[in-house]
1. By the gyration tensor of its Cα atoms, with a ≥ b ≥ c the square roots of the eigenvalues, what is the shape of the protein assembly as shown: rounded for a/c under 1.5, prolate for a/b over b/c, or oblate?
2. Chain B: longest stretch without exposed trypsin sites (Lys or Arg not before Pro) (DSSP loop, at most 16 other Cβ within 10 Å), sites themselves excluded?
3. What is the sum of charges, Lys and Arg at +1 and Asp and Glu at -1, for the other residues whose Cβ falls under 9 Å from the Cβ of A:Ala141?
4. With label points built 7 Å along Cα→Cβ from the Cα atoms of B:Asn254 and A:Gln77, find their separation and express it in nm.
5. What distance in nm separates the simple spin-label points at B:Val247 and A:Glu231, each placed 7 Å from Cα in the Cβ direction?
6. List the GluC sites (Glu not before Pro) in segment A:32-80 that DSSP assigns to loop (not H, G, I, E or B) and whose Cβ has at most 15 other Cβ atoms within 10 Å. Which are they?
7. Relative to the compact-globule scaling 2.2 N^0.38 Å, provide the ratio for the alpha-carbon radius of gyration of chain B.
8. What FRET efficiency, computed as 1/(1 + (r/R0)^6) with R0 = 25 Å and r the Cβ-Cβ distance, is obtained for A:Thr274 and A:Lys213, rounded to the nearest 0.05?
Amino acid sequence: MKEIVVISGKGGTGKTSITASFAVLEGTRVVLADCDVDAADMHLLMQPDFENEDNFFSGELAYIDQSNCTRCGLCEQICRFDAISVSNGKYTINPIDCEGCGYCARVCPTQTIINKKLMAGKWYISNIKTGSHMVHARLEAGADNSGKLVAKVKNEAKELALEEQKEYVLVDGSPGIGCPVISSLSGATFVVLVTEPSVSGLHDLMRVHQLVKKFKIPSGCIINKADINPEKTSEIKDFLLSEEIIHLGDLPYNEDFTKAMIEGKTIVELDRGTLPANLKDIWEQIKILTT
Amino acid sequence: MINRTPFKIAIASGKGGTGKTTLATNLAACIAEQQEVVLVDLDVEEPNSGLFFEGRLLHSEDNLKMIPQWDESKCTLCGLCPKLCNFHAIIQLGPSILVFPELCHSCYACSELCPAGALPMIPRAIGKLNHFQNGRLHHIESRLNVGEEQAVASIAKSKKYAADKLPYVNVHLYDSPPGTSCPVVEAIKDADFVILVTEPTPFGLHDLTLAVETTHKLEKSFGVVINRDGLGNNEVIRYCQAENIPVLARIPNNRRIAELYSAGRLIYPEFPEIREALKDILDYCLSAERSRP
């Protein structure tokens, strides 16, 4: 079983549309994992049935039981996150600032502070239109711990793929280079970097590539909207060459991506223009590279 | 009117790549034609706004994070510290204690509760803060070192630096990271007004609804800017009307804009209607009621 992770550094380069296309091309042999749990969109293209749903608890939040509080002020003194405030002698925790470290609860002399387990979101296993499954999630608005939810989604997808003897787990990652991205990279067979020829696209590609290098995972790159700035495209190609990243192919700027999205379809299902053929070529290359 | 504290406007979105940086940089440059302005790039994982200005570096410093360091000579191997850490950043492996600095949240619990005083806190550089100036525009960014997981502290640091060093500048713009989780909350939680940038597509709409949820939860005043207007469908505008969310501006879907952006150039100098739109956005933000702190 191979695990292919699609990331980009910069947001909005086309990760989800491209990942969804690969999933449709490979059909029942792929378990999809939508690991962009902050802003998950894959379900809009895959007609999931949300068959299995489960709550995801992660992290803690301190809570002060006022009836036992002696107002000694120790919790406020030790909190490094300024999450405890006092007004009229009453100590309260600001849930937005509380990191859930549990320090205050440990030192409270009357044990009046308790740590509540936090509901960080929900995760699902769905049957999808490809005849296979997708593992996906929804993070609570403003929640912490997206990295842990990413790990959960990924591990469930892997287990499912092993159980059902699937060839591939295809992971749609989040933008950035922080904890959710790091979490989505662990254990990957191959990384697909999706970029665009802009100053930001290249800048972010360089940073996310540094991260991938730390994990020593082989990678390939797709340049989306390649014709928007041919000069930048060739600059990106030079970078790929110098860093020994496989150039998987270029995709033109094409509003068909949006048209397909509005119909709830992937671009390969829209079946017009050259995009479906381009994506098919790229996917075949990835398959060869991961055998 | 005398502003005692700067008016802080956060530019955010759920979905990445909707045009946050485009709006933030153009708005900042446009304001700077008239008055001083601070642009703080809070996307510390992928800071891009600096690509659109040639600024003079005024100041640079390490962003430090305090982490525990194991002092073998004092440690009694009592086994308490791994139990104290809610973030699994400390483990005991045979006769040694291992600290995972990337996982540490700097709560000090292990250090201060260690009976032997064997875990003193030491600073560790996790990135750099840079302060640039270009005419009336101050640009502040923090860049997280690649491999670091905790963005929140660097975001807080950038905002604080701007507030401490440039309190006399009336408008502080925050270019926020994408998503809806902890880095975004940190970026917008003390803003006076939030601008959510979206695009009129199903992904754009879906992620806008998530961003609206987060913004509501933080009790912020906010409005929406629709980028690439004309692409996709009318669902975003319908949603905003149904929810009574003010649409502050619509930036047209135009290949030339994408080309200018790709080259690291500002768009409003070439599009008078966008210059007007930016002025309207600023006026709206400043006239809006300040959100609760």
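A short reminder: the numbers here are calculations on the coordinates, not readings from a lab. Everything numeric here is computed off the predicted structure, so don't read it as measured data. Cβ coordinates were reconstructed from backbone atoms using ideal geometry, including for glycine residues, and neighbour counts include every protein chain displayed.
1. Oblate is the answer for the protein assembly as shown, as a/c is 1.5 or above yet b/c matches or exceeds a/b.
2. Longest site-free region, per DSSP loop and neighbour criteria: B:137-264.
3. That sum, taken over residues with Cβ under 9 Å, equals -1.
4. Between B:Asn254 and A:Gln77, the label points sit 6.2 nm apart.
5. About 3.5 nm separates the two model spin labels.
6. The qualifying sites are A:Glu51.
7. Relative to the rule-of-thumb radius for its length, chain B sits at 1.13.
8. Approximately 0.20, to the nearest 0.05.
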